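Before any comments, here is the structure.
The values are calculated or read from the model by the stated rules, or taken from the named source; none is laboratory data. Keep in mind it's a predicted model, so treat the numbers as computed, not measured. Please note: Cβ atoms are built from the backbone with ideal geometry, for glycine as well, and neighbour counts cover all protein chains shown. Note: accessible area is taken over every heavy atom of the protein model, side chains too, but ligands, DNA and RNA are not part of it. Shrake-Rupley method; radii C 1.70, N 1.55, O 1.52, S 1.80 Å.
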Amino acid sequence: MQPAMKISLSLTAVGLIGFAVFFTWLQVEAIDPSGGVPIGLAMLCMVTALLAIGGVLCVLATWLSRFIVGRDD
């Protein structure tokens, strides 16, 4: 496995785990009838979701680069 693919998969895993944790925390906070959800928690949820999307795009770019490297155009 290429080092770039390992980094991309790690980035994706961290993003997905973080998103699952913060989204669950966000849902638990939303059940509370006394008030709203902290904006920082929503921002952490969004950042980890973007991290997961970025990781998936890195995996795709790394996988697609196998077909381009070595071509003489």
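Restricting attention to region 31-52, which residues are open to solvent by 80 Å² or more (accessible area, probe 1.4 Å) and either in a loop (DSSP other than H, G, I, E, B) or touching a Ser or Thr at 6+ places or on another chain (Cβ under 9 Å) (or both)? Don't jump to the end; show me each part of the working.
Residues of region 31-52 open to solvent by 80 Å² or more (accessible area, probe 1.4 Å): 31, 33-34, 39, 43, 46-47, 50.
Answer for region 31-52, where residues must be open to solvent by 80 Å² or more (accessible area, probe 1.4 Å) and either in a loop (DSSP other than H, G, I, E, B) or touching a Ser or Thr at 6+ places or on another chain (Cβ under 9 Å) (or both): Pro33, Ser34.
Restricting to region 1-30, give me the number of residues that are among the β-branched types (Val, Ile, Thr) and either in contact with a Pro (Cβ under 9 Å, 6 or more places away or on another chain) or part of a loop (DSSP other than H, G, I, E, B) (or both). Write out each step before concluding.
Initially, region 1-30 is screened for residues among the β-branched types (Val, Ile, Thr), giving 7, 12, 14, 17, 21, 24, 28.
In the following step, the residues that additionally are either in contact with a Pro (Cβ under 9 Å, 6 or more places away or on another chain) or part of a loop (DSSP other than H, G, I, E, B) (or both) were identified as none.
Residues that pass the stated criteria total 0.
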List the pairs whose first member sits in region 1-23 and is under 13 Å from Ala61 (Cβ atoms) and in contact (Cβ under 8 Å) with a residue 12 or more places away in the chain, whose second member is among the aromatic types (Phe, Trp, Tyr) and in a helix (DSSP H, G or I), and whose Cβ atoms are under 9 Å apart, counting only residues at least 6 apart or on separate chains? Met5/Trp63; Ser8/Trp63
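Return yes when Phe67 is in contact with a helix residue (DSSP H, G or I) (Cβ under 6 Å, 6 or more places away or on another chain) and of a type outside the set (A, V, I, L, M) and no when it is not. Please lay out each step first, then the result.
On the way: in contact with a helix residue (DSSP H, G or I) (Cβ under 6 Å, 6 or more places away or on another chain): no; of a type outside the set (A, V, I, L, M): yes.
No, not satisfied.
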